[in-house]
Every structure is written in structure tokens, then in C-alpha cells.
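Below you'll find the structure, written out as C-alpha cells, and then a few comments.
Just so it is clear, none of the values below were taken in a lab; they were calculated from the coordinates. This is a predicted model, so every value here is computed, not measured. Please note: Cβ atoms are built from the backbone with ideal geometry, for glycine as well, and neighbour counts cover all protein chains shown.
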Amino acid sequence: MIHVEKQPEPHGFDEKVRQKGLRYLSEHADPELTLELPPYWRDCLDDLYASYNGICAYLSVYINRVTGAVSTDHFIAKSKVPDLAYEWSNFRLACLGENARKNNFDDVLDPFEVKDGWFHLQLSSGHIFPDPSLNPELKTKIGNTIARLALDSYACREMRARHYAYYCDGHVDDCFLKKESPFVYAEALRQHLL
């Protein structure tokens, strides 16, 4: 996981998403009705994908729209704060699996607030872990994020190790690695392996 730079709200978002959502919320003040919020955020999924270059905020890999499902993660769960359900600043681009894992839990670090280097990577195995030099409280938060999102699962390890192996074997160059697997690229750069 690496820092994600917050992108500006796209043109037309207010009309396409926010105003519709706020209208719904004002007309349905009953908290039970907010559990079934209309998914107007889907109307900006193309904008979200383009704004974040197709990179999953949690896995830090490119989501190929032909084979992968993209989704809008509400960083602050819409079930907890419905007023943020239609706010661009609360959206994170996520692959469907990571969005489902995060769900409405609040023990995941915000990619907008993560600092590069907090998450370390053993490139040959794909193993992810907190920077050992960080304070214990932050290391715990990073560990909780890794656990909640299954970032150190076998599948995630294999994917990251494979991406780095492709680079080492000359099948892809560093530009491709940076676009497709920015976390692997950042860690290879930090470790002076690029």
C-alpha cells in the first residue's frame, strides 16, 4: 500500500451524484431507509477510474476493467455516515475484492493519509509488512490494515512477486512496472533495485 494523492472532484459530479444523493437523503430522513441508498456514486465510476489511473487504492495495482471489477469504496462507510455517501472526497477506487474486505470496518488506514515507505515489501516473495522503524502504534495500525484487507494473502504475495520477477527477467520495463504495479515499483526503487 502506498500513498494515494487525492484527486479533484470531476466536472459534473455535483449534478450527477451529490445533488441526487442529498435530495434522496433529505426526502428519506428515516435511518432505516438510508440502509438502501441509491447507488448514484456508480454514475461517476468512470471518472473515479480515470482520476486514479485505474489503480486500486488498497492493492496498489492496475485494475484491468476487462478482467477485474472496479468499485467505489466509501472510506467512511455509508452505513455509518450516510451524509458522506455522495461525497467525492470519501471515494476510493478499489477492486471489488478489497472493497468487500474493507466493508464498513474502520480499522483500515486511509490511502490518502498513508506515507510512502510505511508498508515494506520483500520483493522476491511478495511478503508485505510494516516498516520496522515505525512506532509501535503505527505498526499496529499497518498490521491491522494488512490483516483486514488480506494484503499478505498467498494470492497477493504471488501477484507482487510475479510482477517483480517479470521486471527482473526483462519481460517488462520499469515504466510498465510503475503503471501496472506501483507498490512493487516504489519498493524496488526504495531498495535501490531499479
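Estimated from the Cβ-Cβ distance and a Förster radius of 25 angstrom, the FRET efficiency linking Ala100 and Asp46 is about 0.75. On a per residue basis, the convex hull of the C-alpha atoms belonging to the chain measures out at 118 Å³.
Charge dipole (Cα centre; +1 on Lys/Arg Cβ, -1 on Asp/Glu Cβ; no other charges) of the chain amounts to roughly 360 debye.
Restricting the range 111-194 to GluC sites (Glu not before Pro) that sit in a DSSP loop and have at most 16 other Cβ atoms within 10 Å of their own Cβ leaves Glu113.
With loop membership from DSSP and a limit of 16 other Cβ atoms within 10 Å, the longest segment of the chain without trypsin sites (Lys or Arg not before Pro) is 116-194.
Positive end of the dipole of the range 119-190 (Cβ unit charges, origin at the Cα centre): among Gly126, Met159, Gly143, the Cα lying farthest that way belongs to Gly143.
Using a simple spin-label model with pseudo-atoms 7 Å out from Cα toward Cβ, His171 and Ser79 lie 3.9 nm apart.
Work out the charge dipole of the chain with +1 on the Cβ of Lys and Arg and -1 on the Cβ of Asp and Glu about the Cα centre, then indicate which of Gly68, Asn104, Ala85 is farthest towards its positive end. Toward the positive end, the furthest listed residue is Gly68. Simple point charges give the picture: +1 on the Cβ of Lys and Arg, -1 on the Cβ of Asp and Glu, and for the range 119-190 a dipole about the Cα centre of about 220 debye. Among the GluC sites (Glu not before Pro) in the range 1-75, those located in a DSSP loop and surrounded by at most 10 other Cβ atoms within 10 Å of their own Cβ are Glu5, Glu32. Here is how the number arises for the chain: DSSP H runs of 4 or more residues each give -39500 (n - 2.57), the sum is divided by the residue count, and the result at 222 nm is -10000 deg cm²/dmol. Net charge of the neighbourhood of Asn99, taken over other residues with C-beta under 10 Å away and scored Lys/Arg +1, Asp/Glu -1, is +1. The value of relative contact order for the chain, using C-alpha pairs under 8 Å at least six residues apart, is 22 percent.
Distance between the pseudo-spin-label points of Thr67 and Asn135 (7 Å out from Cα toward the beta carbon): 4.3 nm. Please compare each pair in Lys20/Lys139; Lys20/Lys178; Lys80/Lys115; Lys20/Lys141; Lys6/Lys139 to a cut-off of 32 Å on the Cα-Cα distance and tell me which ones are over it. Flagged as over cut-off: Lys20/Lys139; Lys20/Lys178; Lys20/Lys141.
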